[in-house]
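Reviewing the structure listed below.
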């Protein structure tokens, strides 16, 4: 709440005056003789919140700064005592002397009187105001106060808030419940645009009504209780009150007399369900809604228990097993999920530990479902893993007790599927690959949930984390009952899991992502054979090496990390490759990015490009992002330290980043501002890479809940990379070819210094060093506009410098794919000149070329050996870290071939789709294979199976044979070079289309007739489509094939015309019905046929000029006989 000047206690002023006068009359003029003890002032300390600065400075000026009876040194002392946090650092930067007071005061006022920052803080408070909760008038009052107070402050700062009605109305409506919105809309005239003042007055009226009802309810209840003379007297109620509230607890709590609902009372929630039920009966409450104004029989609430659907409140639910245990044990019976035992805050070790058995999940579950490693234990000792009992928030806002395992060796937290279902939390579906010791991999993760948890009965310590859902985390821990009563050092300590010594299931595994926030200072060491006690926010956790008490010979390890396999992205890219490419269309945002680049780019003295990030809005803020980046870095660091080789490679990468000047440390004087963005980072390993096997990736999409990321505020820009199909076709026409890679293309394009604050990271080279902030000063891999900025810089390089390098300019403009140049020439001398021009032109922008490859080694003989590529050239997607089947070019043989990577995964719908979509065949050389995968994908979709369900035996059989024979495709070689001569050859394009009930396809061949009557035929490209699930006739599918062929030729012919002169373009079909349709006007046919005939005729008349021939031809050569049988 803000302090109003009119509410200042005038006594404070008198205190200061009296104190100052006494000091003046009794003291000496020497300021060092004052012994200042400030009186108690009702001035709240200033903590750096710009919203409260104006109030604070007005109070301070009125009471202290402008007080003539105070000396400068006294004022300085008051100023120091009235600030905290960052302002204290500003004020205390100079020694406390009379001469320094005015300077310190001026610096302090200049720092926090910034109108822009004050306005931003007020707007952020409005923007992040929490929603009003239904049936809680105080939340609506807080919402209205937030809007009114901050808008008033903005108005005082001369902002035209009167013209913000449309924005403010929508922002406020988003934060109230649907009933209030409906009532407000009904109060408006039809078509009227509401004013903010109207909405605010309406909500203010509703809020006052709710508040008056809350004040009147306790009076009504007291009157009602005075009228009751006997338990037999009938209870009276009114429908008005029953409709106003779900229960009568909206006034003071019946248990503790505080102003909150009974079901929100911590005292009530701390009791067992049996105790709550008995209390409800004694207070004559309705056991269904906890109201005290009607009986259970007269309850009109439609709600019932969420656990058993019976007619009682969920907080009063308890099972018969709970009752039986409660009558035999003084332990509380808190609601639990997979563990039904009760827990106390104090350990109970008298006598033999209880032999209560915890409910186990599926004891026969296969160990393959778990990522735990197993091995032999020592005969004399075993290890106790740390467990704790915590409270986890469910979807109804009720905290439920669950048993968790603490494991700093896991990068991720986990939760069992049963526990996640019990909590009812929303799940984010996806496939998560979990890696453990010795590179053990499992794909058991199916979804993630966001957990909010806290220690038992500790509402102020709430933590949040994301957890992967697993069928099972591990077997019961410990594996046998332990003699905890003999461990005397456990006495009089609050244990995190009072029944840690009794075997029980694990509901949750808390990993390193939250481990550091759980640990507290202090550890109790046990003697030989006793566990150590780790101090945590949950209590002391017994763990460590103990004497042998377990009969099992297995050990459980939870060292693991995980990453999400985005099946949707993989499938999307697969279908994009398998479709005929479309011409790019520029949006308004793309045009803005182009204009923004032209206006802002610069070249420095070295010729390097300096570009600006294209922001959607000015001055975005990211509160709390550094804390997230620091938390993720510490988690990354712990994982890296477990693999010294990986840690060393990571440090080398970052050291290279720093040594090359691609990042710089942030000075300590630089203020930590919410306007800065800190980018979390991690590493990606590519063992098959020829140069850098480890690459650090920066995550510009990281954000906190209800916040935005840096990528959310940036335009992506138009797609500038060339189409891979066009690039490969042109690549085949060169006699001499050159391939090279732009070394560190992104990192040699600079970002303007004014935007370095948006590219900060947290890093340190040793765990013993303090955390250091760095700023990345180049284009960063991981930000959405980075590909556009990098490729647009290459285009601008051609425009700026290309006139002197015509061969290189043409190659960069037409033969570049991301950071790879794939070009060539007809003669050796031209190829040699092209190579030299490329080197010279790229050097103009400070760019170097590496990993050179050519089909003629003599072209590269003058280059150092470390500039040459030692592996085959991949044409896969550069952003893909893994391909099942990908296209390669071998410079030695000058042939295309396919490399194969086998992935051994369980046969499920998710895994099959993921693997099938990883085939990369842009030219359609393996069309029979890709068509088979498409039909299999269609079968999987139409089967309506769950993502992780095993498919039918027939599909498993086909899938198994497909995987077993896939490696045969790596034996296929296809010639790259298409030789032709304009004066000696005659070139024809022949397109074939065909269809069956399974699908349809189109294939294009280049036929070269030489003067010596020799004929060469080259497969150019092919595309296939599966038939739709809705059955079509064969003639209609044949027509679809003809349209597919027309689209394919419409794409290919312009590419060919840039290289060769086509004498004929002939299309072939074996369907007389299709030929008849195509020779007739479209208007004669029904819509389906007419539309497709029109597409074909439009393409043929404007571009292609097809000749139709009713001949039958083989669609394509099948690579394996079993594809016939499978289709």
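Of all residues in segment 812-829, those satisfying the criterion of being surrounded by 15 or more Cβ atoms within 10 Å (Cβ to Cβ) and in contact (Cβ under 8 Å) with a residue 40 or more places away in the chain are 815, 816, 817, 818, 819, 820, 821, 822, 823, 824, 825. For segment 701-715, which residues satisfy the criterion of being modelled with pLDDT of 90 or more, touching a helix residue (DSSP H, G or I) at 6+ places or on another chain (Cβ under 8 Å) and surrounded by fewer than 17 Cβ atoms within 10 Å (Cβ to Cβ)? The answer is 701, and nothing else. Just so you know, in segment 650-677 the residues that are under 26 Å from the mean Cα position of the chain (by Cα) and part of a helix (DSSP H, G or I) include one that is nearest to residue 412 (Cα to Cα), and it is 650. Select from segment 295-316 the residues that are closer than 21 Å to residue 279 by Cα, touching a helix residue (DSSP H, G or I) at 6+ places or on another chain (Cβ under 7 Å) and in a loop (DSSP other than H, G, I, E, B) and list them in ascending order. Of everything in segment 295-316, those that are closer than 21 Å to residue 279 by Cα, touching a helix residue (DSSP H, G or I) at 6+ places or on another chain (Cβ under 7 Å) and in a loop (DSSP other than H, G, I, E, B) turn out to be 305, 306, 307.
When segment 263-299 is filtered for residues that are under 10 Å from residue 313 (Cβ atoms) and either at pLDDT below 75 or assigned by TED's automatic domain parsing to the domain that holds residue 456 (or both), only 263 remains.
In segment 485-524, the residue that is surrounded by the fewest Cβ atoms within 10 Å (Cβ to Cβ) out of those that are in contact (Cβ under 8 Å) with a residue 60 or more places away in the chain, touching a helix residue (DSSP H, G or I) at 6+ places or on another chain (Cβ under 7 Å) and farther than 16 Å from residue 405 by Cβ is 516.
Residues that are in contact with a helix residue (DSSP H, G or I) (Cβ under 9 Å, 6 or more places away or on another chain) and closer than 16 Å to residue 710 by Cβ do occur in segment 627-634, at least one of them.
Please tell me if residue 788 is under 17 Å from residue 611 (Cβ atoms) and buried (at least 19 other Cβ atoms within 10 Å of the Cβ). So residue 788 fits the description; yes. Number of residues in segment 788-818 that are at pLDDT below 90 and either touching a helix residue (DSSP H, G or I) at 6+ places or on another chain (Cβ under 6 Å) or farther than 28 Å from residue 979 by Cα (or both) equals 1.
This table checks each residue for (1) surrounded by 14 or more Cβ atoms within 10 Å (Cβ to Cβ); (2) closer than 21 Å to residue 620 by Cβ; (3) at pLDDT below 85.
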| residue | (1), (2), (3) |
| --- | --- |
| 64 | yes, no, no |
| 90 | yes, no, yes |
| 93 | no, no, yes |
| 100 | yes, no, yes |
| 104 | yes, no, no |
| 120 | yes, yes, yes |
| 126 | yes, yes, no |
| 140 | yes, no, yes |
| 180 | yes, no, yes |
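Scan segment 289-300 and tell me whether some residue there is in contact (Cβ under 8 Å) with a residue 24 or more places away in the chain and closer than 21 Å to residue 399 by Cβ. There is at least one residue in segment 289-300 that is in contact (Cβ under 8 Å) with a residue 24 or more places away in the chain and closer than 21 Å to residue 399 by Cβ.
Surrounded by 22 or more Cβ atoms within 10 Å (Cβ to Cβ) and at pLDDT below 65: is that true of residue 371 in this structure? The answer is yes for residue 371. Out of 910, 976, one residue alone is in contact with a strand residue (DSSP E or B) (Cβ under 7 Å, 6 or more places away or on another chain), surrounded by 18 or more Cβ atoms within 10 Å (Cβ to Cβ) and over 30 Å from residue 733 (Cα atoms). It is 910. Scanning segment 948-973 for residues being crowded, with 16+ Cβ neighbours inside 10 Å and not in a helix (DSSP H, G or I) gives a total of 2.
Does residue 845 satisfy the condition of being surrounded by fewer than 15 Cβ atoms within 10 Å (Cβ to Cβ), touching a helix residue (DSSP H, G or I) at 6+ places or on another chain (Cβ under 8 Å) and modelled with pLDDT of 80 or more? No; evaluated as a whole, the condition is false for this residue. The set of residues from segment 480-490 being part of a loop (DSSP other than H, G, I, E, B) and either under 37 Å from the mean Cα position of the chain (by Cα) or under 16 Å from residue 541 (Cβ atoms) (or both) comprises 482, 487.
Among 721, 755, which is assigned to a loop (DSSP other than H, G, I, E, B) and either farther than 23 Å from residue 813 by Cα or touching a strand residue (DSSP E or B) at 6+ places or on another chain (Cβ under 8 Å) (or both)? Only one candidate qualifies: 721.
Being crowded, with 17+ Cβ neighbours inside 10 Å and either under 30 Å from residue 627 (Cα atoms) or under 23 Å from the mean Cα position of the chain (by Cα) (or both): is that true of residue 737 here? Answer is no for this residue. For the residues 1025, 1047, the requirement of being within 41 Å of the chain's Cα centre (by Cα) and assigned to a strand (DSSP E or B) singles out 1025. Answer yes or no: is there a residue in segment 787-808 that is in a loop (DSSP other than H, G, I, E, B) and touching a residue at least 40 places away in the same chain (Cβ under 8 Å). The answer is no, given that none of the residues of segment 787-808 is in a loop (DSSP other than H, G, I, E, B) and touching a residue at least 40 places away in the same chain (Cβ under 8 Å).
Within segment 54-97, being closer than 23 Å to residue 156 by Cβ and touching a strand residue (DSSP E or B) at 6+ places or on another chain (Cβ under 7 Å) holds for 56, 82, 83, 87.
The values are calculated or read from the model by the stated rules, or taken from the named source; none is laboratory data. Remember, it's a predicted structure, so these values are computed and weren't measured experimentally. We place every Cβ from the backbone using ideal geometry, glycine too, and count neighbours over all the protein chains shown.
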